[in-house]
Amino acid sequence: MWGGRFTGGPADTMERINASIDFDRRLYAQDIAASKAHCQMLVRQSILRPEDGEAIQQGLDTILREIETGTFSFDRALEDIHMNVEARLKALIGDAAGRLHTARSRNDQVATDFRLWLRDEIDALEAGLQDLQAALIDQAEAHAATVMPGYTHLQPAQPVTFGHHMLAYVEMLGRDRGRLRDARRRLNECPLGAAALAGTSFPIDRDQTAEALGFDRPAANSMDAVSDRDFALEFLAAGAILAMHFSRLAEEIVLWCSQNFGFVALSDAFSTGSSIMPQKRNPDAAELLRGKSGRVVAAFNGLMLVMKGLPLAYGKDMQEDKEPVFDAADTLQLSVQVAAGMVRDLQPDPEALRQAAESGYLTATDLADWLVRAAGLPFREAHHVTGALVKQAAETDRDLHDLSLAEMQAVDPRISEGVYQVLAVDRAVESRTSFGGTAPELVRKAAAAARERFL
Ligand code: ARG
């Protein structure tokens, strides 16, 4: 493979550690597209004869068809996708094949292929995220007024609506999309023509290849172009945050499906049974969504460790960039589809949600606020009075609205009949009309606005 300088072949273990074809064959379409763009540019710049260019283009088309129909045979001895394609080209068209590699290197080739591949992945992931947002917004609209407990410290805190809770995830995913778009914008510069590291003495036109491949511009520095993988790291970092969001959503679904909460049900489509306990319905899909987030975070960490401390320019260490990125991308694409499927499948139980919201003194804050507004207490004092009322109710195992007016007035004489109005959970959510709040009327507006902003 290496011609003149080499007489012996590689050790078997050398071949095994060195070859990337088993995974980088995934880049075949991008590799062929980049070769075609490079070939066309070489012809236009009179670096390559038109008849050689024509033979190369046709040969590459044949190879693309062979790979797509499964008749291409990949050879590990040829290391990677670039050499596999080139060797096949030689078999198909003869010596002209050797002219394709003029003014380029596998270093700028692989950096180009990988960016092209990741660009498509980001676009597909963004479309998936948009679909997930649509599913969440649908649930938000259906349950804009469905009251449930909102939590802090996983302790019941204040009533919110199920729709409001769904829209929280819509916002998170909106920022995830923004991070991905941002990464895409920065990755969209073309390394091709950087050659091995220093550029080339041939009169190439890097603007032509950049444009032909849909890049915004050629990468400005040849050494940077072949040696950085921050575009992959940005994808993984954005992906890790996204996976963390998936994991939180999944965790809530797991909790909500449990007997103890009983807030939502998943249909058979997203549940599994137990091989020993016939009564069980397990939320395996949600648990896997939660668990798989670990792979994406690990991919980010892994590639950071590969890149850290590498001297410029290219080093073979960087071949270790592909597997984690492939795995993270596959995981994220599957996760987003599963998340959307589960969100569409979720059947909230409005009665159970309401019952949970009505126990646990969730309107205590409303009572304290009322004492400030109607009875003129400073908030700190109102907080204290409310605490005493909650204590009294709890000791007799009652809710706040079960305390009589006389009992309340014994704690603070400034309390009047009007207090009972604010103790109802519906009133509590309806009153939260500050911007971004949980009032059903605002949730409906926020859902409509989210449609405009995200779909
Ligand atoms: N398979 C290699 C990679 O993925 C391609 C670049 C190899 N370049 C080299 N000079 N050995 O990084």
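With respect to D22, is the statement that it is within 16 Å of the ligand (Cβ to nearest atom), part of a helix (DSSP H, G or I) and touching a His at 6+ places or on another chain (Cβ under 9 Å) true?
No; evaluated as a whole, the condition is false for this residue.
Please work out if Q139 is open to solvent by less than 10 Å² (accessible area, probe 1.4 Å), away from the ligand (no atom under 16 Å from the Cβ) and over 17 Å from A329 (Cβ atoms).
On the way: open to solvent by less than 10 Å² (accessible area, probe 1.4 Å): no; away from the ligand (no atom under 16 Å from the Cβ): yes; over 17 Å from A329 (Cβ atoms): yes.
The answer is no for Q139.
Consider only pairs whose beta carbons are under 7 Å apart and that are at least six residues apart or on different chains; among these, list those whose first residue lies in the range 312-332 and is touching a residue at least 24 places away in the same chain (Cβ under 8 Å) and whose second residue is among the charged types (D, E, K, R) and within 13 Å of the ligand (Cβ to nearest atom).
M318/R229; D321/R229; K322/D24; F326/R26
What's the number of the condition D108 fails, among (1) touching a residue at least 40 places away in the same chain (Cβ under 8 Å); (2) away from the ligand (no atom under 16 Å from the Cβ); (3) among the charged types (D, E, K, R)?
Of everything listed in (1) touching a residue at least 40 places away in the same chain (Cβ under 8 Å); (2) away from the ligand (no atom under 16 Å from the Cβ); (3) among the charged types (D, E, K, R), D108 misses just condition (2).
Taking the range 11-26 as the search range and keeping residues that are basic (K, R) and surrounded by 13 or more Cβ atoms within 10 Å (Cβ to Cβ), which one is nearest to I81 (Cα to Cα)?
Among residues in the range 11-26 that are basic (K, R) and surrounded by 13 or more Cβ atoms within 10 Å (Cβ to Cβ), the one nearest to I81 (Cα to Cα) is R25.
Across the range 215-240, what is the number of residues that are in contact with a strand residue (DSSP E or B) (Cβ under 9 Å, 6 or more places away or on another chain), open to solvent by 40 Å² or more (accessible area, probe 1.4 Å) and of a type outside the set (A, V, I, L, M, F, W, C)?
So the answer is 2.
How many residues does the range 80-102 hold that are in contact (Cβ under 8 Å) with a residue 60 or more places away in the chain and under 37 Å from the mean Cα position of the chain (by Cα)?
Final tally of qualifying residues: 4.
If you check H101 against the conditions, is it away from the ligand (no atom under 16 Å from the Cβ) and open to solvent by 30 Å² or more (accessible area, probe 1.4 Å)? Break it down into steps so the answer makes sense when it comes.
On the way: away from the ligand (no atom under 16 Å from the Cβ): no; open to solvent by 30 Å² or more (accessible area, probe 1.4 Å): yes.
It is false that H101 is away from the ligand (no atom under 16 Å from the Cβ) and open to solvent by 30 Å² or more (accessible area, probe 1.4 Å).
Examine the range 114-123 for a residue that is away from the ligand (no atom under 16 Å from the Cβ), closer than 30 Å to R177 by Cβ and in contact with a Pro (Cβ under 7 Å, 6 or more places away or on another chain), and state whether such a residue exists.
No, because not a single residue in the range 114-123 is away from the ligand (no atom under 16 Å from the Cβ), closer than 30 Å to R177 by Cβ and in contact with a Pro (Cβ under 7 Å, 6 or more places away or on another chain).
Could you look through the range 75-98, keep only residues that are acidic (D, E) and farther than 15 Å from Q57 by Cβ, and pick out the one that is nearest to the ligand (Cβ to nearest atom)?
Filtering first and then ranking leaves D80.
Based on this model, can you work out whether A196 counts as open to solvent by less than 60 Å² (accessible area, probe 1.4 Å) and either within 16 Å of the ligand (Cβ to nearest atom) or modelled with pLDDT under 95 (or both)?
Working: open to solvent by less than 60 Å² (accessible area, probe 1.4 Å): yes; either within 16 Å of the ligand (Cβ to nearest atom) or modelled with pLDDT under 95 (or both): yes.
Yes; evaluated as a whole, the condition is true for this residue.
Would you please list the contacts, defined by Cβ atoms under 9 Å and residues six or more apart or on different chains, that run from a residue in the range 125-149 that is without any contact (Cβ under 8 Å) to a residue 60 or more places away in the chain to a residue that is of a type in the set (F, W, Y) and open to solvent by less than 10 Å² (accessible area, probe 1.4 Å)?
Qualifying pairs under 9 Å: A142/F162.
On the given criteria, is A168 within 16 Å of R354 (Cβ to Cβ) and open to solvent by 30 Å² or more (accessible area, probe 1.4 Å)?
Details: within 16 Å of R354 (Cβ to Cβ): no; open to solvent by 30 Å² or more (accessible area, probe 1.4 Å): yes.
So A168 does not fit the description; no.
Does the range 311-324 include one or more residues that are surrounded by fewer than 18 Cβ atoms within 10 Å (Cβ to Cβ) and in contact with a Gly (Cβ under 6 Å, 6 or more places away or on another chain)?
Checked the range 311-324: no residue is surrounded by fewer than 18 Cβ atoms within 10 Å (Cβ to Cβ) and in contact with a Gly (Cβ under 6 Å, 6 or more places away or on another chain).
Scan the range 443-455 for residues that are open to solvent by 40 Å² or more (accessible area, probe 1.4 Å) and part of a helix (DSSP H, G or I) and jot them down.
Those that are open to solvent by 40 Å² or more (accessible area, probe 1.4 Å) and part of a helix (DSSP H, G or I): R444, K445, A446, A448, A449, R451, E452, R453.
Inspect all residues belonging to the range 363-374 and state whether any of them is of a type in the set (F, W, Y) and open to solvent by 50 Å² or more (accessible area, probe 1.4 Å).
So far as the range 363-374 goes, no, none of its residues is of a type in the set (F, W, Y) and open to solvent by 50 Å² or more (accessible area, probe 1.4 Å).
Quick one: which helices (runs of 4 or more DSSP H) lie wholly within the range 81-189 and hold at least 2 residues that are farther than 24 Å from I67 by Cα and either basic (K, R) or in contact with a His (Cβ under 8 Å, 6 or more places away or on another chain) (or both)?
162-187
Among what's in the range 375-407 and is assigned to a helix (DSSP H, G or I) and of a type in the set (K, R), pick the residue that is surrounded by the most Cβ atoms within 10 Å (Cβ to Cβ).
Among them, the one singled out is K391.
The values are calculated or read from the model by the stated rules, or taken from the named source; none is laboratory data. In this text, all values refer to a predicted model and were calculated from it rather than measured experimentally. Reconstructed Cβ throughout: ideal geometry from the backbone, glycine too, with neighbour counts over all protein chains shown. Accessible surface is based on the protein model in full, side chains and every heavy atom, while ligands, DNA and RNA are left aside. Shrake-Rupley method; radii C 1.70, N 1.55, O 1.52, S 1.80 Å.
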